[in-house]
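The values are calculated or read from the model by the stated rules, or taken from the named source; none is laboratory data. Remember, predicted model here, so these are calculated numbers, not experimental data. Neighbour counts run over all protein chains shown; Cβ positions are idealised from the backbone, glycine included.
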Amino acid sequence: MSKHTGQNIAFWIFRLLGLIVVGILLWILGFIIWNGIGVIDWEFLTEAPTDGMTGGGIFPAIVGTCCLILGSMIVAFPIGVMSAIYTTEYAGNGRVVRFIRIMTDNLGGIPSIIFGLFGMSLFVNTLGWGDSILAGSFTLGLLVLPLVIRTTEEALKAIPDSFRTGSLALGATKLQTIRRVVLPMAFPNIVTGLILSIGRVSGETAPILFTVAAYFLPKLPTGIFDQVMALPYHLYVIATSGTDLESARPIAYGTALVLIVIVLIMNILASILRRYFGKKVKTN
Amino acid sequence: MIQSKNIDFYYSDFHALKGISMEMEAHTVTAFIGPSGCGKSTFLRLFNRMNDLIPGTRLTGECIVDGRDIYARGVNVDELRKQVGMVFQKPNPFPKSIFENVAYGLRVNGVGDRKFIEQRVEESLAGAALWNEVKDKLKKSAFELSGGQQQRLCIARALAVKPSVLLMDEPASALDPISTSKIEELIHELKKDYTIVIVTHNMQQAARVSDKTGFFMLGDLVEFSDTKKMFLNPDKEQTQNYITGRFG
């Protein structure tokens with residue numbers, strides 16, 4: 001077999017595998033859309049479930065998931081971005097930093113159900129927040145913290161040092177350099193971390209199971225100490241433990257579709273932001 | 001005036017500068033030449049304490065800028081860097097507009113008066129011989145400028161905070177010949193108001209722009225004298241060999 005044929009075969013194998021990945025994704029999407037699109041209408045999106053969750057809509061769960069996305073980002077982002085600034089810009093590469101890095105990676109490897117149990121024990125019981133948006137947001141926030149830290153670190157490391165030295169050489173302090181030069185340049189990539197975190201948060205079931213999610217709660221939350229329904233948990237409930245699983249099946253697909261669309265909208269929003277800020281800081 | 005007294009400098013175990021003493025007078029241009037790794041850039045970066053950013057370095061001796069030992073206890077490094085500006089080898093404008101690049105040094109030093117900033121930006125750009133080329137596009141990104149223009153923008157940026165000394169680390173080595181000659185003309189102009197120290201790989205450039213030249217090798221200052229003398233009739237054989245291209 002000639003070198004050239006070998007290369008061609010390898011190329012086709014790689015291409016095939018690439019296409020398979022895309023194919024699987026499209027298959028899942030198609031499957032959900034095919035089965036779920038039928039139940040989606042205005043009523044489904046704006047009303048509470050009825051008839052033992054075999055009818056009505058999923059509005060409270062949509063609102064709940066949005067609250068949790070927002071809440072967990074408010075928790076995770078400031079902490080995550082600031083610790084990443086500390087580890088990349090200030091701490092050098094000593095033992096403490098390596099320890100922090102290893103611990104961050106370990107935190108990222110902990111199964112999400114453990115976060116759920118931890119959140120229940122600390123936020124719900126010890127701190128006495130009860131099953132609430134606050135407890136759920138903190139639990140989800142902790143869950144995505146390693147992701148936020150890692151992506152922010154990578155974003156900061158990608159900025160060439162020449163920009164930092166240029167700023168310092170003009171008499172700027174380190175903090176001014178970070179705030180005025182490094183962070184604006186790293187922002188598009190930090191937003192990428194935001195996208196990934198939102199995707200992760202909106203799909204998680206285990207961490208909210210014991211900390212916030214309600215089985216059935218048709219009224220909307222009025223404050224951060226209220227419980228809410230959430231899409232992934234709702235999906236789990238109507239797929240496994242409803243009153244009439246068969247007749248709730250289309251609603252389950254509809255819920256899945258809405259969840260996917262919410263994540264998609266967040267991604268599109270984030271990439272618009274990313275492009276907008278990316279244009280402002282484009283380097284040569 | 002800048003002065004160094006018995007400077008020894010180490011990168012961890014590596015002895016990078018060995019007992020360097022020299023004086024650079026105000027309103028002159030001093031050039032440092034020598035083969036790669038000879039310590040000339042390290043020596044230059046001592047005067048705005050840029051070497052502080054590298055972990056594991058150590059210094060003995062005195063560095064005196066305008067009568068003050070800049071490594072003495074209690075010296076404010078940010079203030080020092082305002083007084084001693086620097087231009088780097090590769091142009092490194094910020095991803096901001098042309099205007100904001102020049103205004104940056106003022107803003108980080110707490111200047112907020114818009115009129116004052118506008119005036120200083122114009123002065124600085126004019127001082128860097130760039131004003132006529134950019135006056136109609138101050139709001140455009142600095143990255144739209146050519147490499148040579150970017151380097152002059154970096155010079156303008158340094159001038160905006162009114163330093164007394166300007167350090168230049170191979171400022172033209174990434175530029176084409178026409179841009180290079182513009183930078184060299186500019187150095188002649190700037191000499192009236194600033195004390196300039198320039199590191200260069202290009203010996204013709206050192207001969208063209210400088211009043212005095214220091215030749216470094218392996219961390220030693222081999223010879224330091226008037227540029228004319230250095231290039232026509234050097235004292236040391238090593239200098240002669242380097243200048244005539246026998247090594248380096």
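Worth a mention:
- Taken together, the residues in the stretch A:69-128 that are within 30 Å of A:THR173 (Cα to Cα) and either among the polar types (S, T, N, Q) or touching a residue at least 40 places away in the same chain (Cβ under 8 Å) (or both) amount to 17.
- Qualifying residue in the stretch A:153-165 (condition: more than 14 Å from chain B (Cβ to nearest Cβ), acidic (Asp, Glu) and either part of a helix (DSSP H, G or I) or surrounded by fewer than 24 Cβ atoms within 10 Å (Cβ to Cβ) (or both)): yes
- Just one of the listed residues (A:GLY64, A:GLY36, A:GLY23, A:GLY30) is under 25 Å from A:VAL148 (Cα atoms), part of a helix (DSSP H, G or I) and of a type in the set (Gly, Ala, Ser), and it is A:GLY64.
- Of the criteria (1) closer than 30 Å to B:GLU100 by Cα; (2) of a type in the set (Gly, Ala, Ser); (3) without any contact (Cβ under 8 Å) to a residue 24 or more places away in the chain; (4) more than 14 Å from chain B (Cβ to nearest Cβ), which one A:ALA270 fails: (3)
- Qualifying residue in the stretch B:123-144 (condition: at the interface with another protein chain (Cβ under 10 Å from one of its Cβ atoms) and β-branched (Val, Ile, Thr)): no
- Contacts under 6 angstrom Cβ, first residue in the stretch B:236-247 being closer than 11 Å to B:GLY34 by Cβ, partner of a type in the set (Asp, Glu), 6 or more apart: B:THR239/B:GLU223
- Considering residues of the stretch B:108-119 that are closer than 18 Å to B:ARG81 by Cα and surrounded by 16 or more Cβ atoms within 10 Å (Cβ to Cβ) only, the residue nearest to the other protein chains (Cβ to nearest Cβ): B:VAL108
- In the stretch A:134-151 there is no residue matching the filter, namely being in contact (Cβ under 8 Å) with a residue 24 or more places away in the chain and within 14 Å of chain B (Cβ to nearest Cβ).
Okay, residues lined up against (1) over 27 Å from A:LEU183 (Cα atoms); (2) part of a loop (DSSP other than H, G, I, E, B); (3) touching a Pro at 6+ places or on another chain (Cβ under 6 Å); (4) not hydroxyl-bearing (Ser, Thr, Tyr):
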site	(1), (2), (3), (4)
B:LEU106	no, no, no, yes
B:LYS115	yes, no, no, yes
B:GLN119	yes, no, no, yes
B:GLN150	no, no, yes, yes
B:THR180	yes, no, no, no
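- Within the stretch B:80-105, the residues that satisfy the criterion of being within 9 Å of chain A (Cβ to nearest Cβ) and either among the aliphatic types (A, V, I, L, M) or within 22 Å of B:ILE7 (Cα to Cα) (or both) are B:LEU80, B:ARG81, B:GLN83, B:VAL84, B:GLY85, B:MET86, B:VAL87.
- Only a single criterion out of (1) touching a Ser or Thr at 6+ places or on another chain (Cβ under 9 Å); (2) in a helix (DSSP H, G or I); (3) within 27 Å of B:THR227 (Cα to Cα); (4) free of Cβ contacts under 8 Å to residues at least 40 places away in the same chain is not satisfied by B:ALA172, namely (2).
- Pick from the stretch A:108-167, criterion among the hydroxyl-bearing types (Ser, Thr, Tyr) and farther than 30 Å from A:THR222 by Cβ, ranking: nearest to the chain's Cα centre (by Cα): A:THR151
- With respect to (1) touching an Asp or Glu at 6+ places or on another chain (Cβ under 8 Å); (2) modelled with pLDDT under 90, the lone exception for B:LEU59 is condition (2).
- Test for A:PHE59: is it within 20 Å of the chain's Cα centre (by Cα) and buried (at least 18 other Cβ atoms within 10 Å of the Cβ): no
- Candidates in the stretch A:201-215 are the residues that are crowded, with 18+ Cβ neighbours inside 10 Å and out of contact with any Gly (no Cβ under 6 Å at 6 or more places or on another chain); of these, the one that is farthest from the other protein chains (Cβ to nearest Cβ) is A:ALA214.
- Enumerated helices (runs of 4 or more DSSP H) restricted to the stretch A:177-284, each holding at least 1 residues that are within 30 Å of B:LYS140 (Cα to Cα) and either at pLDDT 85 or above or out of contact with any Ser or Thr (no Cβ under 7 Å at 6 or more places or on another chain) (or both): A:183-203, A:245-280
- Flag for B:SER164 being more than 11 Å from chain A (Cβ to nearest Cβ), within 24 Å of B:MET1 (Cβ to Cβ) and touching a residue at least 40 places away in the same chain (Cβ under 8 Å): yes
- When the helices (runs of 4 or more DSSP H) confined to the stretch B:187-248 are screened for residues that are closer than 21 Å to B:ALA16 by Cβ, those reaching at least 2 such residues are found at B:237-243.
- Residues that are in contact with a helix residue (DSSP H, G or I) (Cβ under 8 Å, 6 or more places away or on another chain), in the same structural domain as A:VAL201 (by TED's automatic domain parsing) and within 25 Å of A:LEU220 (Cα to Cα) are absent from the stretch A:85-92 altogether.
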